[in-house]
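Just so you know, all these numbers are worked out from the coordinates, no wet-lab data involved. The model shown is predicted, which means the values in this text are computed figures rather than measured ones. Neighbour counts are summed over all protein chains in view; Cβ atoms, including those assigned to glycine, are modelled from backbone coordinates with ideal geometry.
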Amino acid sequence: MRRTSLPLPPHYFAPTTLLPSTETAFLKLSRKSVLDVTRMAQLSEGNSLDWTVVSDHKGVCIKRGVDPTSTHAVFCGSVDICASIDEVVTLFHDSAPGRFTPGVLDHSILATLVAPSFQTPRHRVTLQWAAYGSPVPFIHDRDACFLETHQDIACDGARGWVRALKSVCVPECPDLPGLVRMQLVRYGHVLLETDRTGYLHVLFLVQTDIRGRVPAFVVDLSMHRTCRGLRQLEQAVHDARLQRLPRLVGRGCDLCGRLFSSVGGHRRVHCRVCGHCVCKPCSTKWDALHVRICLPCAFNSPDVLHRSPSLTTQEASPAVVRRADPPRRRWASMTAPLDDDDDVLSPSSSSSSTDVACLSSRDSHNDEIASAVTV
């Protein structure tokens, strides 16, 4: 049988028409998958999984867990990023899935069960198909048909958002030649606000049934590659911020006040965080983004920001995360049982009715770096 050529042509799959009973069952499954992904992502001591750190590089920590109820290993990546929930949700709504999930070869939306509305702009349920490339050439590529659910949550008074994927079967999406249909057991992102203003703790949970005879090291390699997609998410938030910033023009440096000149080292440059004009001595280059950023934005120094009255809190929010001293984490254990009919994660639910445990608190940022900055 001839192998399926990717990407698929437009309208390759027949229009998907779901019966009312099937749609009701899918919506119930979507709510359950949100609960399941959120609870499995809680890396607390009270969890039934034994977690082992397998990678901790560039701020992304990847852990491998053992699920006593399944033969499939579970992986969870975590990172703290400087972003808001709305910024990340917008990226997931506007970007292709492969941008934040390495290995995605093709993707198609088969049906929309719940569309975002004015009352619930971050809530969505869609039926989708995606193809995933193998990390090694001697293993067939995989594909999956799944429900993707975007849902707001509230955990111990902290706002959050979940993107959960769960495999389903529909006649309009049959197995394709040359692709092995895998099952997404638990798969998705969990965003939780932290005690640090402007920061999110992002978890990426991956537990799949690859299907077929696949060596264990290939499965581990594939899961590692998928979890490392958190780096692209953090980078995308920074890029989106930089694209929205205006390039302000002035005759003098907004920090030291000296007039710009083509000689003497006082050439005008634009800060890529706040957009203001500063001189070269009042700025520094960052290897992470390869752009020039003024010192107050780079070090998030409140005692220097007051020198420029035009800098607002929103404009001066840092877009570069310093990884030298990551915040420590403290988790709360989870005690509430799982109920298949539980609707506590509906958009109208409040934090008092939510039975999902989350981060209980976070320590404040260590040393104030800006106190050591001299301009």
### Query
How much net charge surrounds Leu105 when only the other residues with a Cβ under 12 Å from the Cβ of Leu105 are counted, with Lys and Arg +1 and Asp and Glu -1?
-2
### Query
If the cut-off is 26 Å between C-alpha atoms, which lysines fall inside it for Lys285, apart from same-chain ones fewer than 8 positions away?
Lys58
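So, with +1 on the Cβ of K and R and -1 on the Cβ of D and E, and no other charges, what is the size of the charge dipole of the stretch 20-241 about its Cα centre, to the nearest 20 debye?
Here the stretch 20-241 has a charge dipole of around 220 debye.
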### Summary
Any lysines whose Cα falls less than 28 Å from that of Lys28, other than same-chain ones fewer than 8 residues away, would be Lys166
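Going by the alpha-carbon gyration tensor, a ≥ b ≥ c the square roots of its eigenvalues, is the stretch 20-241 rounded (a/c under 1.5) or, if a/c is not under 1.5, prolate (a/b greater than b/c) versus oblate? Intermediate values should be presented prior to the final figure.
Working: a/c = 1.42, a/b = 1.11, b/c = 1.28.
Judged from the Cα gyration tensor, the stretch 20-241 comes out rounded (a/c under 1.5).
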### Query
With point charges of +1 on the Cβ of Lys and Arg and -1 on the Cβ of Asp and Glu, referenced to the Cα centre of the stretch 20-241, which listed residue (Leu176, Gln232, Cys76) lies farthest in the positive direction of the dipole?
Leu176
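Considering Cα pairs under 8 angstrom that are at least six residues apart, work out the relative contact order of the stretch 20-241 and quote it in whole percent.
Numbers: 440 pairs, mean separation 50.7, N = 222.
Computed value for the stretch 20-241: 23 percent relative contact order.
Could you give the length gained by full extension between Thr24 and Leu8, i.e. 0.36 nm per residue of separation minus their alpha carbon distance, to one decimal place?
Taking Thr24 through Leu8 to full extension adds about 2.8 nm, to one decimal.
Where does each of 30-39, 129-138 land if you order them by average Cβ count within 10 Å, highest first? Don't skip to the answer; put the middle values down first.
On the way: 30-39: 23.1, 129-138: 16.9.
So the order, starting with the most tightly packed, is 30-39, 129-138.
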### Query
By counting other Cβ atoms within 10 Å of each Cβ, how are Val180, Val206 ranked from fewest to most?
Val180, Val206
